[in-house]
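Colleague: So that we are looking at the same thing, I have put the structure below in structure tokens.
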Amino acid sequence: MKLIIATPSPFARKVRVILREKAIHCEEIIDVPWNKDTITKGLNPLGKIPILIKDGIEPIFDSKNIIKYLEQINPEPSFYPESRSKKLKASLLETAADGICDAVVLIFLEKSRSQNLRSKAWIDRQKEKIYTGTQYLSDNLLTNKYFVDDHFTIADVAAFCCLEYLDLRLPEFDWRNEHSNLENFWQEHQSRHSFLQTKPTTQVIEPMSE
Ligand SMILES: N[C@@H](CCC(=O)N[C@@H](CS)C(=O)NCC(=O)O)C(=O)O
């Protein structure tokens, strides 16, 4: 089994964390999906990572689909709660954390365009999503150790990956100071092996043609 990743990607990181937590061996292949020679072509019609490649089945793209598949082939430990309402809560939190990351990616790309083409209104629109999304995470965590129930779920994985992605790409947003409960959550989980082994790092990407 192979997983195509990019080293900064919070979406790939969610999958990488789950692989480690479930002790599933999987080779990780590093790609730069923004570059012309990306290996995503022919594997994901959307040209995005992460993509899981396994003999005998078609490539699985999108982190949520990959994690669902990993849950099927290796159910323990499970990252989605049993109860319908808690499962929904965990999924909503995952989507909020992913959505924050989507907005961060859009700002990063906008800032990589030449100065005269950048839209401040567009950047501000994405920042608003980041702030309201982070507020949502904070409001749902309260002073708990885990987002849902008393278990480590996909919500915790997605939120943690999201927060460290903010550190990497939007360090000017001081979420630790704004939301002390998220900072406590980060402190609580930051020494987990699956997180330490998958810390995000930047990649050099080709300049985009205007
Ligand atoms: N919803 C997707 C998002 C994946 C995504 O946005 N990946 C980015 C890297 S962080 C990508 O490959 N972008 C390349 C592109 O949009 O061309 C998931 O959860 O897997």
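Colleague: Nothing charged except the Cβ atoms of Lys and Arg (+1) and of Asp and Glu (-1): what's the magnitude of the dipole of the chain about its Cα centre? Round to the nearest 20 debye.
Modeller: 280 debye
Colleague: Please compute P(r) over all alpha-carbon pairs of segment 23-141, binned at 10 Å starting from zero, and give each bin as a whole-number percent.
Modeller: 11, 29, 34, 21, 4, 0
Colleague: Any chance you could run the full-extension gain for GLU188 through THR95? It's 0.36 nm times the residue separation minus the Cα-Cα distance, nm to one decimal.
Modeller: Working: separation 93, 0.36 × 93 = 33.48 nm, distance 2.20 nm.
Roughly 31.3 nm would be gained on extension.
Colleague: For segment 2-73, give the share of DSSP beta bridges that are antiparallel, in percent and rounded to the nearest 5; count only bridges with both residues there.
Modeller: Restricted to segment 2-73, the bridges split so that about 55 percent are antiparallel.
Colleague: Ignoring trypsin sites (Lys or Arg not before Pro) that are buried or in helix or strand per DSSP, and keeping those with at most 15 other beta carbon atoms within 10 Å, what is the longest stretch of the chain between them?
Modeller: 146-210
Colleague: Which distance in nm do the two modelled labels at LYS120 and ASN35 give, with both placed 7 Å along the Cα-to-Cβ direction?
Modeller: 3.5 nm
Colleague: Give me the one-decimal Kirkwood hydrodynamic radius in Å for segment 84-196, with the sum taken over alpha-carbon pairs.
Modeller: For segment 84-196, the Kirkwood estimate is 14.6 Å.
Colleague: Now for a separate question. Output ³J(HN,Hα) for segment 125-140: one whole-Hz value per residue in order, computed from phi by the Karplus curve 6.51 cos²θ - 1.76 cosθ + 1.60 with θ = phi - 60°, and x for Gly and Pro.
Modeller: 4, 5, 4, 4, 5, 5, 5, 6, x, 5, 4, 4, 4, 4, 5, 7
Colleague: Quick one: work out the % antiparallel among DSSP beta bridges in the chain, nearest 5.
Modeller: 55 percent
Colleague: What is the fewest-to-most order of CYS161, CYS101, CYS26 by other Cβ atoms lying within 10 Å of their Cβ?
Modeller: Lowest count first: CYS26, CYS101, CYS161.
Colleague: Right, next: 222 nm [θ] for the chain, helices only, -39500 (n - 2.57) per DSSP H run of 4+, per residue, to 500?
Modeller: Calculated from helices alone, the mean residue ellipticity at 222 nm is -16500 deg cm²/dmol.
Colleague: Now a separate question. So what's Rg/Rh here for segment 64-128, counting alpha carbon atoms and using the Kirkwood radius for Rh?
Modeller: We get a ratio of 1.21 for segment 64-128.
Colleague: Another question, then. Would you mind giving the average projected area, over all directions, of the Cα convex hull of segment 2-73 in nm² with one decimal?
Modeller: 4.6 nm²
Colleague: Let me ask something else about it. Among HIS193, ILE60, THR143, whose Cα lies farthest out toward the positive end of the dipole of the chain, if unit charges sit on the beta carbon of Lys, Arg (+1) and Asp, Glu (-1)?
Modeller: ILE60
Colleague: Okay, moving on. Separation between the GLU58 and SER83 pseudo-spin-labels, each 7 Å from Cα along Cα→Cβ, expressed in nm?
Modeller: 3.7 nm
Colleague: Taking the Cα atoms of segment 147-210, report the difference between the largest and smallest coordinate on each principal axis, in whole Å and largest first.
Modeller: 48, 26, 19
Colleague: Take a quick pass over segment 71-191 and tell me how many lysine pairs come in under 23 angstrom between Cα atoms, counting only ones 8 or more apart or on separate chains.
Modeller: Number of lysine pairs found: 8.
Colleague: Among GLU21, GLU58, GLU188, what is the fewest-to-most ranking by other Cβ atoms within 10 Å?
Modeller: Values: GLU21 19, GLU58 8, GLU188 14.
Fewest to most other Cβ atoms nearby, the residues stand as GLU58, GLU188, GLU21.
Colleague: With a Cα-only, solvent-free Debye model of the chain, what are the log10 I(q)/I(0) values at q = 0.12, 0.16 Å⁻¹?
Modeller: Calculated log10 I(q)/I(0) at the listed q: -0.63, -1.11.
Colleague: Quick one: Cα centre-to-centre distance for segment 9-24 and segment 121-138, in angstrom?
Modeller: 25 Å
Colleague: OK, next. May I ask you to derive the relative contact order of segment 2-73, considering only C-alpha pairs under 8 Å and at least 6 residues apart, and to give it as an integer percent?
Modeller: 35 percent
Colleague: Then there's this: For LEU142 and LEU196, what is the calculated FRET efficiency with R₀ set at 35 Å and r taken between the beta-carbons, to the nearest 0.05?
Modeller: The computed FRET efficiency comes out at 0.85.
We did not get these values from a lab; they are worked out from the coordinates using the rules stated. What you are looking at is a predicted structure, and each value in this text was computed from that prediction instead of being measured. Positions of Cβ are generated from backbone atoms using ideal geometry, with glycine treated the same way; all protein chains shown enter the neighbour counts.
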